[in-house]
Structures are given as C-alpha cells and as structure tokens.
Amino acid sequence: MPVPAPKLLIWSAALIMFLLTCGCGNKNTARKPEPPVRIAVSFSDMDRDGNKIIKKVMEGRKKQDNVDIIWLDAKNDPDLQAQQLEKLGNQKIKAVVLQLANPGAGADLMRKLVEKNIKIVALENLPSDSPVDAYVASNHTLTGQLLVRFVVRTARKGAGLPVPDDPLDEIGKNQGQGDGGKKPGNEEKVGSVVPPESQVGGKIPMGAVLLGGDPGDAASREIAAAVRESLQGSSEVRLLAEEIIQQNDPSRVPVILQELLMKNGNNIQAVLATDSGLAIAAMEVLRNMGINNLVLTAGVGADEKSSKALASGEHDAEVDTRPDLLGQYALEAAIGLAKNGSWQNDGQTMNGSYSVPSRITPVRLIQAENVYLLEQQWESLKKKGKENQSQGGGSGGSSGGGSGNEGGQEGSDQGSGGDDKKDKGEQNKKQENKTTLRVTTQDGKTTEIEINGEIKKIETVGGGNQGGQQEQNQGQDQGGQ
C-alpha cells in the first residue's frame, strides 16, 4: 500500500533530523587541521644584515602560511653546509631555500637533494649548471646600472653640466629613489649633508675603481659586469681599475685600496663596490687618510652600518636589494613547491644546460635624501633620524667636506635648538636698540652711558659753553647715525 504524501514528508524530515543529530554514527568525520609544511632555510652566513631581514620576514609569516621552518647557518663554510644539508632527508623536509656558501661547488649538493625528493629554491646565487626548481634574486644587472647612474650624474652635476633624464628615472619615481624621492618634512636633516657633487671638483672624466666580490659569487660577477658595460664609452667616468676581493672579505680592502691610491694619485674620485661591507671598508680607509671628502663611495646591500653612514653623510650611495621581498618570494616559492610542485614565477633564467623558473625583486638607489626608506628595516636609523630632527638637523657629515668659519658657523646654527635661536634673536634685537653715549668733560674725564633705544636729541642743562655745545652737536650726530 502506498504511503500517503503527508506521512512520507514527515518521515523524511524525521530521518534527516536523526542523521544530523547522531552524525551518521561516526564521530571521526570532523575535518582535522592540516599539518604544517616543513621546509628548511640554509644561509651561507646568518649574521649578515640582509639575511636577518629575510629570516624576520619568514618568521612573521609562519602562522598564516602554516609552515614549519628549520634554520641552518653555514657560517661561510661550504663543508659545514654540505653536512647540514645531508641530514635533511631524515627530517621530512619538502623544500629548502638555499643560499650557497660556495656557488661554484653546488652541483653535487643539488644532486643529493634531488635524490631525497627535496625541492630547491636558490637564493641570490644559482649553483653553476645545476638543476634547481626555483630561483629568487635581486636584479643584479639593474644594480650595476644604478651604481653607474649615480657616479655619472654626480660627475655631470659637479661639472655644471645638464643631467638628462634616463630610463632609470622612471624606476626611481616608482620606488621612491633618485631626485624625486625626498620625504616631506625631511629637508632639514638632508640639508646638513653636503651633496656628493661638491666633492668631485668638477673634474671630467672622473676616475673610478671597482671592488668586486669573490669569483665564486655569481651575483657579484653580474653586478660588476653591468658596471663595466655601462661605463664603456662614458665621457663622464673612466674605470681606472677593478680588484677582486676574495671571499668578500672587508679586511682585505685597506691594503688593496691604498695600493690603488698610491698608483693613481688623486685621479681616483669614486670607489664602487659590489657589497656594502666592501664599500664601508673603503670609506673607513679614505676617512683615516683624510680624503673621504674628496672620493665618493657607493655599495650594494644597504646593510645597517652603510645605511647609518648614508644618514650621517660619510657614505654617498647604496643600492638596496630589498631583502624583505627576497624573503617573501623565497618563502612563497618553497611552500608552493612543497605542497603541489609549482609556484608563481615571473620568468626563466638560463643556468648552463637548464632553464630555471625565477622571480627577480626590484632594487633602488639610496642616498642621503631618501635614506628614510630604510627606517623600517633598521630601528637604529629611525632613532638617529629623530635625534637629528630634534637637534635641528645636526652637524654636516665628513663626506661633504668644506672647511672655513662660514661652514662651521652654519653647522653650529643647525645644531642648536629652536629656543636657542629665538633667545639669540631677541638678544640681538635688544642690543641693536641700545645706544652707548660717551661724555667727555672739560677737565678730560670720560663717562659712558648705555641708553635703551635710539637718541633723537641731546641738550645741555646749565653751565654750558662753546665746548659743551660742540659735544652736544657730536652727540646729535651720533644719535642720528
């Protein structure tokens, strides 16, 4: 017998309620949270300022990206890095962000990681002719071009020549650098730093030397190559010498730079370096020799020390390679590869026999006028900026040079606070409104009287004679003056 429609509807509703209440008899159907993705980050040297920023960025995204990160520090030791990577196979690592301590010897390491089914994200340096799954780096070619742009434009300004626009100006406008990158309200601090063009003395062509990094550092090689290529045929800057600094070791710079200075005399007016540490080492040599105000310095990396030197005026330019973006892109690549074997790249980079999916970060030229862009990375720079502003701009940096009482007085005025300036102004005003009256009697006695305001008229009351009348007339003349 068929069931009446109303009863059928009632039974159906009751069945649905029963299933919802009892959960179909299975309490384990609730969805469990996914375990975090396990990746490793292997730095060549974790103490480098840029790597500290990268680590900070990645640590800040661990929770939202549900990722567990194992940190490895090779301490610039390729053998130690190889030992650390060898152990990753036993830790269920899905991907590794790898900054090689020795890029030239990376092929064997790559093979072992591939055998363990670990995806590889190469950071800043590609292992020579080796298969990797991703490559994240700053724009090395543009970095070299920005170094050249800085010295060429400075040479032209120093010589009083027009500075034409170039294609890199658009990059500067978009990234807050170059001539258009001044921060509103920052003029007082910038005003205490003498512009780089004041150091070069109008000499054209200007002589420059290039300090390149270790031969195994591909990033350094590419930056140096871009510098050489950009300076070919330049009428403003001539490359006098190029020196390779083994292991990017700043302690090697003093001897090398002193030899270059002895050989070239005062023809060197700029030192370009492919690393911030090398540039600051050069700056310190020049400062100790008393010629830091005659030679420009420019580097790559914008680490904390070089950024503070820019703010003080001792250093002239840095190319910021954006470690914040390097950290973000490298983490996204590692997570994507670990989860589904793919990631969002924006191009391909040739590496010997291999084409590697890559993502290249933008870079930007930093000088004194836009050093505020680095305040988020370096807390000490932000504090220094506030101190300079509270002191009315601070004293001028040694990089600008310039001696004499006029410059010293200007720095002193900038260093004093606003209240001091106000008090001095009122004091000067009071002094200007006072008149000193010198009275000489007939018997030769002289008396000086200080009177507030200007003297309009002097009269002699009683005992006057011709001499007194003459003195009165002189007093009237002085009052008029």
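No value in this document is a laboratory result; all are computed from the given coordinates. All of these numbers come straight from a predicted model, not from anything done at the bench. Cβ atoms come from the backbone with ideal geometry, glycine included; neighbour counts cover every protein chain shown.
The table that follows gives values for the structure above.
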read-out: Length-normalised contact order for the stretch 235-387 - Cα pairs under 8 Å, 6+ apart - percent; value: 17
read-out: Label-point gap, in nm, between S380 and A105 - each point 7 angstrom along Cα→Cβ; value: 3.3
read-out: Computed over the stretch 193-271: relative contact order in percent, which uses C-alpha pairs under 8 Å that are six or more apart; value: 42
read-out: Simple Cβ-charge dipole of the stretch 251-393, Lys/Arg +1 and Asp/Glu -1, about Cα centre, in debye nearest 20; value: 100
read-out: Euclidean distance between Cα centres, the stretch 296-342 to the stretch 58-97, Å; value: 20
read-out: Share of alpha-carbon pairs per 5 Å distance bin for the stretch 107-150, given as whole %; value: 5, 20, 24, 16, 11, 9, 8, 5, 2, 1
read-out: Across K52/K339; K63/K119; K52/K203, pairs whose alpha-carbon gap is larger than 30 Å; value: K52/K203
read-out: For L147, L240, order by how many other beta-carbon atoms lie within 10 Å, fewest first; value: L240, L147
read-out: Shape call, the stretch 219-298: gyration tensor on alpha carbons, a/c limit 1.5; value: oblate
read-out: Out-of-range pairs (alpha-carbon distance over 29 Å; input K56/K157; K62/K87; K32/K62); value: K56/K157
read-out: Cα→Cβ-extended label distance, 7 Å offset, between W71 and K56, nm; value: 1.2
